[in-house]
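Asks: Quick one: the structure is below, and I'll ask about it shortly.
The values are calculated or read from the model by the stated rules, or taken from the named source; none is laboratory data. Everything numeric in this text was worked out from a predicted model, so none of it was measured. Cβ coordinates were reconstructed from backbone atoms using ideal geometry, including for glycine residues, and neighbour counts include every protein chain displayed. Areas reflect the complete protein model, heavy atoms only, side chains present, ligands, DNA and RNA absent. Shrake-Rupley method; radii C 1.70, N 1.55, O 1.52, S 1.80 Å.
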Amino acid sequence: MTFIDLFALALFLVLWIVFSWLTGGAKILSRPSLTQAMAERRREWIHNSLTRDLKMIDTQILAGLQNGTAFFASTSIFAIGGCFALLGATEQVDTVFRDLPFITYSGRSGFEFKVIGLTAIFGYAFFKFGWSYRLFNYCTILFGTLPMTENAKKNPQETQRIAERVIRMNIIAAKQFNAGLRAIFLSIGYLGWFVSPYVFVGTSIIIFFVLVRRQFFSDARLALMTDTAP
């Protein structure tokens with residue numbers, strides 16, 4: 001691997017860390033991210049559920065969150081399988097890459113290293129999605145401990161304590177899901193490395209700014225803010 005390959009990989013990891021930090025708690029121009037705004041909407045949802053005894057709507061929402069997480073976990077497994085299949089076809093890929101124009105081919109060992117890195121990204125995503133699925137399952141159980149409306153009015157302090165427990169579990173589960181989804185998005189930029197390290201740098205920066213725009217300057221974020229019309 002050349003210096004530019006190492007630089008591109010280091011830049012990719014730095015952008016990943018910076019984006020995780022930005023969406024996790026930092027603010028750009030005093031603007032909370034889309035993820036942070038959604039955490040507050042989750043809190044509103046749980047508090048609103050305390051006002052109704054029939055919670056079929058809430059259980060459907062929780063089931064939808066679990067199903068979405070399971071889908072991405074399964075997708076990550078398929079992607080990992082595809083990466084291992086690609087490793088098994090290294091000789092064929094080696095032959096193809098040598099004849100392709102505008103491709104900076106780093107040899108068989110370099111190609112295998114890149115595929116292993118891509119496999120690690122999808123493996124990380126799978127574990128995040130798997131843990132998120134488990135936490136959403138716990139959240140469903142905790143949601144069942146919420147008292148009925150009449151009992152909630154009799155003991156508001158205890159009700160608030162139980163509700164906060166559900167909220168925290170839901171937000172943590174969503175955080176793990178977002179971490180897995182972030183890995184999937186960033187893997188698109190990683191694919192540029194198979195073309196050349198310069199393309200890798202470019203695709204990583206492009207994906208980073210696209211994700212930052214969606215988190216801090218998108219219509220979806222505006223739709224969540226109470227003080228701004230979408």
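Asks: Restricting attention to region 150-175, and to residues there that are among the basic types (Lys, Arg) and modelled with pLDDT of 90 or more, which single residue is surrounded by the fewest Cβ atoms within 10 Å (Cβ to Cβ)?
Replies: 161
Asks: To continue, here is another question. Taking the condition of being farther than 18 Å from residue 63 by Cα, touching a residue at least 60 places away in the same chain (Cβ under 8 Å), in a helix (DSSP H, G or I) and open to solvent by 60 Å² or more (accessible area, probe 1.4 Å), how many residues in region 110-149 meet it?
Replies: Summing the residues that are farther than 18 Å from residue 63 by Cα, touching a residue at least 60 places away in the same chain (Cβ under 8 Å), in a helix (DSSP H, G or I) and open to solvent by 60 Å² or more (accessible area, probe 1.4 Å) in region 110-149 gives 1.
Asks: If I ask for residues that are open to solvent by less than 30 Å² (accessible area, probe 1.4 Å) and closer than 16 Å to residue 14 by Cα, which ones from region 183-198 would you list?
Replies: Matches in region 183-198: 183, 186, 187, 189, 190, 193, 197.
Asks: Another question, if that's okay. Can you name the helices (runs of 4 or more DSSP H) wholly within region 1-103 that have at least 2 residues being modelled with pLDDT under 90 and over 30 Å from residue 161 (Cα atoms)?
Replies: 3-24, 56-88, 90-99
Asks: Given the structure, is residue 13 more than 28 Å from residue 130 (Cβ to Cβ), aliphatic (A, V, I, L, M) and open to solvent by 60 Å² or more (accessible area, probe 1.4 Å)?
Replies: Here the answer is no, as residue 13 does not meet what is asked.
Asks: Name the single residue that is nearest to residue 3 (Cα to Cα) among those in region 199-215 being surrounded by 18 or more Cβ atoms within 10 Å (Cβ to Cβ) and aromatic (Phe, Trp, Tyr).
Replies: Among them, the one singled out is 200.
Asks: Within the set of pairs 6+ apart or on separate chains, which have a first residue in region 41-64 that is open to solvent by 60 Å² or more (accessible area, probe 1.4 Å), a second that is outside any helix (DSSP H, G or I), and C-beta atoms under 7 Å apart?
Replies: Close Cβ pairs satisfying both conditions: 53/148.
Asks: For residue 86, are the conditions met, namely being over 23 Å from residue 136 (Cβ atoms), buried (at least 16 other Cβ atoms within 10 Å of the Cβ) and touching a helix residue (DSSP H, G or I) at 6+ places or on another chain (Cβ under 8 Å)?
Replies: Answer is yes for this residue.
Asks: Which residue is farthest from the chain's Cα centre (by Cα), if the candidates are limited to region 187-198 and must be in a helix (DSSP H, G or I) and farther than 13 Å from residue 7 by Cβ?
Replies: Of everything passing the filter in region 187-198, 194 is farthest from the chain's Cα centre (by Cα).
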